[in-house]
1. Sort out which residues of the range 318-350 are crowded, with 19+ Cβ neighbours inside 10 Å, closer than 14 Å to I252 by Cβ and in contact (Cβ under 8 Å) with a residue 40 or more places away in the chain, and write them in order of number.
2. Quick one: what pairs do we get from the range 29-54, first residue closer than 15 Å to T168 by Cβ and modelled with pLDDT under 85, second of a type outside the set (F, W, Y) and outside any loop (DSSP other than H, G, I, E, B), C-beta under 8 Å, 6+ apart or different chains?
3. Which ones in the range 149-167 are assigned to a loop (DSSP other than H, G, I, E, B) and within 14 Å of S46 (Cβ to Cβ)?
4. Taking strands (runs of 3 or more DSSP E) that do not extend beyond the range 251-325, which have at least 2 residues that are hydrophobic (A, V, I, L, M, F, W, C)?
5. Yes or no: D353 surrounded by fewer than 21 Cβ atoms within 10 Å (Cβ to Cβ), in contact with a Phe, Trp or Tyr (Cβ under 7 Å, 6 or more places away or on another chain) and either within 24 Å of V220 (Cα to Cα) or among the charged types (D, E, K, R) (or both)?
6. When you check A9 against the structure, is it farther than 27 Å from Y193 by Cα, exposed (fewer than 13 other Cβ atoms within 10 Å of the Cβ) and of a type outside the set (F, W, Y), yes or no?
Amino acid sequence: MIVRGKSGATGKLSLNEATNGTVTDSKSFSGYNAAGTVTTDGRVESLLQNTTNGWQKLEATANSSADGTLTISLAATGDELELSDVTLLEKANTVGYVWTKAPTSNTTTEYDLTDRTTANAFSFFDRGDNKNAIVYANANTVLGMSENTYDVAVSNGDSYTMNTFALTDQAQDGTKNTDGSGSDSFWANAWKYNVTKSFTASNFAFDRHFTQNKRSTICVPVALSESEIKSLFGTETKVYDLKTVDVSKYEINATEVTAMEANHPYIIFVPANYDMRSVSGSFAVSATGSTDPCKTLEGGYTFYSNYEQKTIYYGDKEKCYNFGDAEGGRFYRVNSRAQGVPAKPFRGYIKADSPTPSAKMFTLRIVDKTMTGVASITTTEEMSDGPVYTLTGVRVAEKLSSSLAPGIYIHNGKKMIVK
């Protein structure tokens, strides 16, 4: 059943069935022009953007009585509803019959419907409970030919293509709010992402909240170019790659980069509040690896990410540090040693390579990428007279002077920076 309602309305579908009594499904609505989940060609997707038709799907399964009787009712509370479609299907979502919903869950992260002999017909189809699940479809089915699908990989013989590859870090009950009400359920769980097949997507959409002018950790299974990063997160977005851990200074050094590799954790600075956007391009997605994405840092630590909810600890067996945005960014020792703390997907944390370190905190230090590889850095006041050369060996001055343009030079056999 496809319905929509005015703001404050609740719709309840009830089937009075022979075996288990009344079976129900219900949804609350926020207006006829609010975000909907049903496309014009019958696809149902909870992560749809800019779809202001308000239509939602109500679905329930029941058994008729011996004489074929089945009582169907739709009740509205709070305000009025509008009804679009009522579809009654026999043995839906079983082999050889019409499919309305993939049986995905936090353990079933993909489902294969490419065999037309067992899965050829679809009606108001959605990907099931797991909002990060991937469904594989045959190109010669209605689902395979749809232009409005999210996370549906279409078989083209020996390869798969996808319209929009969308990921979310919302909780399993749909909670997105990381602050205030709902924060407990948001951090309690998330939907797992894991695929065994590779595919190429034409669009990438990411559903997650980033706070304006704050740094956060991020890791996604697609590579993003400089222009794609700016298009997705904003033109002033900055991305940093962690490099080394200086235990003596309790610092983690990072350099700014202009692109992101797939399955590589980073620090990201987003210039404006972000919740969900998409970017067009060509995004190659590989099968998920058997180990968590990570990057080894110089100094005895590793920067980890994960594609499923997990718990990290600071104790005898492992020493993990969570990221916080205070003072430009710090990695803090996990406080709840016995219970651990949740690590949400598509984020990052650092972990000591051995269980011996005892640092309470590491401050993030952004190293100017123009300084990479400079062995000796001094100021102009500390240098004696002598010819000055560019890095390519061109002589630009007979001696140091205040007229030198800012840049990196060779003076008396050493590299120096003029600011």
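The values are calculated or read from the model by the stated rules, or taken from the named source; none is laboratory data. None of the values given here were measured: they were computed from a predicted structure. Cβ sites come from the backbone with ideal geometry, for glycine too, and all protein chains shown count toward neighbours.
1. Y321, F323, G329, F331, G348, Y349, I350
2. Q49/A205; Q49/M276; Q49/R277; Q49/S278
3. Going residue by residue through the range 149-167, those that are assigned to a loop (DSSP other than H, G, I, E, B) are 149, 151, 156-159.
Within the range 149-167, T149, D151 meet the criteria.
4. Details: elements: 251-257, 266-270, 274-285, 294-297, 301-304, 310-312, 320-324.
Of the strands (runs of 3 or more DSSP E) lying wholly inside the range 251-325, those with at least 2 residues that are hydrophobic (A, V, I, L, M, F, W, C) span 251-257, 266-270, 274-285, 294-297, 320-324.
5. Numbers: surrounded by fewer than 21 Cβ atoms within 10 Å (Cβ to Cβ): yes; in contact with a Phe, Trp or Tyr (Cβ under 7 Å, 6 or more places away or on another chain): yes; either within 24 Å of V220 (Cα to Cα) or among the charged types (D, E, K, R) (or both): yes.
Considered against the rule, which asks whether it is surrounded by fewer than 21 Cβ atoms within 10 Å (Cβ to Cβ), in contact with a Phe, Trp or Tyr (Cβ under 7 Å, 6 or more places away or on another chain) and either within 24 Å of V220 (Cα to Cα) or among the charged types (D, E, K, R) (or both), D353 comes out as yes.
6. Details: farther than 27 Å from Y193 by Cα: yes; exposed (fewer than 13 other Cβ atoms within 10 Å of the Cβ): no; of a type outside the set (F, W, Y): yes.
Criteria not met by A9.
Conditions tested, residue by residue: (1) under 27 Å from N263 (Cα atoms); (2) part of a loop (DSSP other than H, G, I, E, B).
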| site | (1), (2) |
| --- | --- |
| A92 | no, yes |
| D112 | yes, no |
| T118 | no, yes |
| F125 | no, no |
| A171 | yes, yes |
| T178 | yes, yes |
| A190 | yes, yes |
